[in-house]
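Okay, so here's the structure we're looking at.
The values are calculated or read from the model by the stated rules, or taken from the named source; none is laboratory data. Everything numeric in this text was worked out from a predicted model, so none of it was measured. Every residue, glycine among them, receives a Cβ derived from its backbone with ideal geometry; neighbour counts consider all protein chains shown. Just so you know, the surface numbers come from the protein's heavy atoms only, side chains and all, with ligands and any DNA or RNA stripped out. Shrake-Rupley method; radii C 1.70, N 1.55, O 1.52, S 1.80 Å.
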Amino acid sequence: MDYNQITLVRTNELRIRFLNFFKGRDHKIVSSASLVPEDDPTVLFTSAGMGQFKENFMGIKRDLKRAASCQKCLRTGDLENVGRTPAHQTFFEMLGNFSFGDYFKEEAIAWAWEFLTKELNIAKERLAVSVYKEDRIAFSIWEKKIGVPVDKIAKMGEKSNFWPSNAPQEGPNGPCGPCSEIFYDWGEEIGCGKTSCGVDCDCGRFIEVWNLVFTQYNRKDEGVLEPLPRKNIDTGMGLERLASVMQGVRSNFETDLFTPIITEIERHLGPKVKNNSVIRTIADHIRATVFLIGDGILPSNEGRGYVQRMLIRRASRLARQAGSEDIFLHRLVPAVIGVMREPYPDLKNRESLMKEVIQTEEDRFNRTLDEGMRILNEEIAKLKKKNETILPGNIAFRLFDTFGFPVELTTDHLREKGFKVDMNEFNDRLEEQRRISRTGSQMGTTVFAETFAQKICSLNLKSKFLGYETHQAKGKILAIIENAVILDQSPFYGEQGGQIGDTGHLKKEECEYRVYDTKRVDDAIVHLVTPLKGNLKVGDEVSAAIDSARRNSIMRNHTATHLLQAALRQVLGHQVEQSGSLVAEDRLRFDFTHVGKVPQEALEKAEKIVNDEILKNIPLQVHQLPQEEAKRRGAICFFGEKYGDVVRVVEIPGFSQEFCGGTHCRATGDIGFLQIVSESAVASGVRRIEAITGEKAYQHAKENEIALRQIAALLKTSPDKVAESLQRLLQKMKQVERLQQNWNKSADGDFVEAWIKRAEAIGSVHLVARAVEEADPGILRSLWDQIKVKFKRGIAVLWSVKEGKLSLVIGVTHDLVKEGWDASQLIKLLADWIGGSGGGKKDLAQAGGKKPECIEKAIAALKEEITRFKKQ
């Protein structure tokens, strides 16, 4: 084939040239949307360029008439074809230009042809097109305006050349329209060689490069196609396919988008494995994985996270299948970023996260792969013996649920052997599991589901605990299961007896794993790990070191728990028995049997007893004793717990003896001191105390001291007199509350009636003038509301003095208001006397003043005013 007419173009340049071409034709260049569709829960991933323009197509938004983009897309519908064909991928980029009620077929066709033949200089002879068989307009444009020979314009049916496919006959209802596709012809020497070969032949000679969708109809019931008032253009051209054409290679995987990644994969797999479908699939999946993490999608067992996990594990299985003995997918991240960082520079910012996420997932899956494959191959052997070809769905579900095998991996492996899965049964089991989960079945750490613990038990592994004597030791790896490492001996304490598991590191030369938790399963110490660098394997001798500062905090809290139990038994009685506990690095929690709330005095007494024992700095003693002898000595144990014939007893001489396998301080003085921070009910007859020790207790006491000083400052007193000042303040508040309650009583307001009966008569006007203690203006107004109900031809003046300031209200009954009396005028007279100001309405006004001593003169002046008004 002659490529002289094509100048080879890098993919990054193609992307830029496409966008610039349409920018020059008044298109707004819109950045790629995320792979996670925004506000569209109907789809998992963005799968086409038009996704972010849905509201523009529907006419909801009218901010754009023309747009162009290069959109990140992900599709998993043809997963089995990825790597097997030249053009199938999961992650790809879609070039597209769009019109929203603006230009239509003629411009879309002309610009597509211009871009390919003039901008990219592709020979017209290498291009062919298709149209929907009933789209005479598109056919005419291609033939008459573009000049494409009739024999290179194929009329196709609605399955291939209508969007959505088969929409006229099958639906769905809604916007739809015919398509016109542009194909590149690789030449007669490629493909089937038949003279009848055309764009509808699947031999590989013709590849679709660009699809132009003319959204011109609204489909209604019974296949009625109603013309849309606003016709739209939606085009899509796969960047990878265009790159293969412009770089003269027949496979997308041979373009510059993939070759650096494939070179890196080949380096890891070695010279025996060449550029086959396995390598291409790994290259595709690592690209998809990098972009998914870049858009915030991490591996999980649900939704998008499940697809992410499936892609990583699928690539990991293929790598193992190709002969890789080591995990390496995470090492491909720099190659992917190197190819894609020019259009997507933000990828670099997440490189470390990508490597860590992928490596963790690889390592986790790699440990279960051998066991899962063994089970699957055993099941295949059984099927062969029975001359059957369908694997029961419950087996596939077991692999999925127990070993983390995505069902796609199971079907892949079976397909290669000529078998398949009963997916109906698998889906039934999956739905049942989800139903149980929804009804409340929960597991704190899923790796320790019963099946996992049973598996460890079946291995009959034993670990010697060295953590009583040391915080660091050498140990040999006995087993690695998922993210769990089991050593023959270890200083790590596995969570047991209420004491949480240790954290720390496992190291060997250049390898390092972070231990984020430790569990105890039978006699095995199980380290839950996150690989930091390198890859440990069974048989390796590692250096195991716990986080010593954290362990010391845990030991302080554990020894303090023993002291607390003994103290509570002294204070509350020997009926106190432990019913649960948590010994963590930052606190201790002790649950015990006791009826009713523990009085504060009892808590304070128990706390003092504990701190007295801490100050004595008593050295602890540890004994290994026959169980019965330990009990005879008075050692107490946790009710319901099973103990061996020989038990470990931790003794604080003269104070406490308990059965205990946990780690403790050398002496009680190591605790520092203890503070009880809360006491509460857990259940009927069970109380809970939470306490802190050491540095945490000091910090807590210091924070309380600072808070006390701040409160003292607000109360304008010293810290030692805060309680006294608060008591006085609360007494005042209670007095105010009582007064307000009294003032609000209208039905039982005897004092109101008494005031009215004792009103002073000034001619025909009756005056109530009363001082009210500790009353604010709201209370005074409320009192007037009660007075005016029963008051006739009356004026009431009510006042109260607080902190040297006088508040005053004056009310005038409606009958006097009708005669011309005005409270807003009377209040001015009063306000002048009390050194303040006021205002209001004719029936009610209020004022405030700084001369409460002048109130009697003000009332006298008011009486004179009433007399004078009466004579007018």
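Scanning region 494-518 for residues that are over 26 Å from the mean Cα position of the chain (by Cα) and open to solvent by 30 Å² or more (accessible area, probe 1.4 Å) turns up 495, 496, 497, 505, 507, 508, 509, 510, 512. Taking the stated definitions as given, is residue 119 more than 18 Å from residue 240 (Cα to Cα) and of a type in the set (Asp, Glu)? Answer is no for this residue. The residue pairs whose first member lies in region 722-735 and is at pLDDT below 80, whose second member is open to solvent by less than 100 Å² (accessible area, probe 1.4 Å), and whose beta carbons are closer than 8 Å, counting only pairs six or more residues apart or on different chains, are 732/774; 735/774.
Pairs meeting the criteria (first residue in region 512-532 and more than 13 Å from residue 490 (Cα to Cα), second residue basic (Lys, Arg) and part of a strand (DSSP E or B), beta carbons under 6 Å, at least 6 apart or on different chains) are 512/533; 530/514; 532/514. Within region 51-85, being of a type in the set (Gly, Ala, Ser) and touching an Asp or Glu at 6+ places or on another chain (Cβ under 8 Å) holds for 51, 83.
Which number in (1) touching a His at 6+ places or on another chain (Cβ under 8 Å); (2) without any contact (Cβ under 8 Å) to a residue 24 or more places away in the chain marks the one condition that residue 140 misses? Residue 140 satisfies every listed condition except (1). Filtered by the rule that a residue be of a type in the set (Gly, Ala, Ser) and part of a loop (DSSP other than H, G, I, E, B), region 153-174 gives 157, 160, 165, 171.
If you check every pair at least six apart or on different chains, which have Cβ atoms under 6 Å apart with a residue in region 202-230 that is closer than 22 Å to residue 49 by Cβ first and a residue that is of a type in the set (Val, Ile, Thr) and buried (at least 19 other Cβ atoms within 10 Å of the Cβ) second? Listed pairs, sorted by first residue: 209/182; 210/182; 212/235. Tally time: how many residues in region 780-819 are touching a residue at least 24 places away in the same chain (Cβ under 8 Å) and either of a type in the set (A, V, I, L, M) or at positive phi (or both)? The number of residues fulfilling the criteria is 18. Note on region 614-636: among residues that are in a helix (DSSP H, G or I) and within 47 Å of the chain's Cα centre (by Cα), the one that is surrounded by the most Cβ atoms within 10 Å (Cβ to Cβ) is 614. For residue 820, the stated conditions hold: it is over 60 Å from the mean Cα position of the chain (by Cα), part of a loop (DSSP other than H, G, I, E, B) and not aromatic (Phe, Trp, Tyr).
The rows are residues; the columns are (1) of a type in the set (Lys, Arg); (2) more than 14 Å from residue 265 (Cβ to Cβ); (3) touching a strand residue (DSSP E or B) at 6+ places or on another chain (Cβ under 7 Å).
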site: 321; (1), (2), (3): no, no, no
site: 340; (1), (2), (3): no, yes, no
site: 353; (1), (2), (3): no, yes, no
site: 381; (1), (2), (3): no, yes, no
site: 386; (1), (2), (3): yes, yes, no
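Is it true that residue 63 is part of a loop (DSSP other than H, G, I, E, B), within 37 Å of the chain's Cα centre (by Cα) and more than 27 Å from residue 311 (Cα to Cα)? When the stated conditions are applied, residue 63 passes them. Can you run down the residue pairs with Cβ atoms below 6 Å, 6 or more apart or on separate chains, where the first is in region 569-587 and at pLDDT 85 or above and the partner is surrounded by 17 or more Cβ atoms within 10 Å (Cβ to Cβ) and of a type in the set (Gly, Ala, Ser)? Close Cβ pairs satisfying both conditions: 571/606; 581/498; 582/498; 583/498; 585/553. For region 62-111, residues that are over 22 Å from residue 179 (Cβ atoms), among the charged types (D, E, K, R) and either surrounded by fewer than 17 Cβ atoms within 10 Å (Cβ to Cβ) or in contact with a His (Cβ under 8 Å, 6 or more places away or on another chain) (or both) total 4. Among residues of region 136-166 being of a type in the set (Asp, Glu) and at pLDDT below 95, the one that is surrounded by the most Cβ atoms within 10 Å (Cβ to Cβ) is 158. Contact annotation: residue pairs with Cβ atoms under 6 Å, 6 or more positions apart or on different chains, pairing a residue in region 754-779 that is under 16 Å from residue 855 (Cα atoms) with a partner that is in a helix (DSSP H, G or I), are 768/755; 769/859; 770/755. Condition first: of a type in the set (D, E, K, R), closer than 25 Å to residue 107 by Cβ, assigned to a loop (DSSP other than H, G, I, E, B) and open to solvent by less than 60 Å² (accessible area, probe 1.4 Å). Can you find one or more residues in region 175-182 that meet it? Within region 175-182, none of the residues are of a type in the set (D, E, K, R), closer than 25 Å to residue 107 by Cβ, assigned to a loop (DSSP other than H, G, I, E, B) and open to solvent by less than 60 Å² (accessible area, probe 1.4 Å). When residue 296 is tested against (1) under 23 Å from residue 43 (Cβ atoms); (2) among the small types (Gly, Ala, Ser); (3) without any contact (Cβ under 8 Å) to a residue 40 or more places away in the chain, exactly one condition is not met: (3). Scanning region 658-685 for residues that are of a type in the set (A, V, I, L, M, F, W, C), over 30 Å from residue 646 (Cα atoms) and part of a strand (DSSP E or B) turns up 674, 676, 677, 681, 682, 683. Looking at residue 42, is it closer than 30 Å to residue 277 by Cβ and modelled with pLDDT under 95? So residue 42 does not fit the description; no. Answer yes or no: is there a residue in region 770-791 that is under 12 Å from residue 811 (Cβ atoms), among the basic types (Lys, Arg) and in contact with a Ser or Thr (Cβ under 8 Å, 6 or more places away or on another chain). Yes: region 770-791 contains one or more residues that are under 12 Å from residue 811 (Cβ atoms), among the basic types (Lys, Arg) and in contact with a Ser or Thr (Cβ under 8 Å, 6 or more places away or on another chain).
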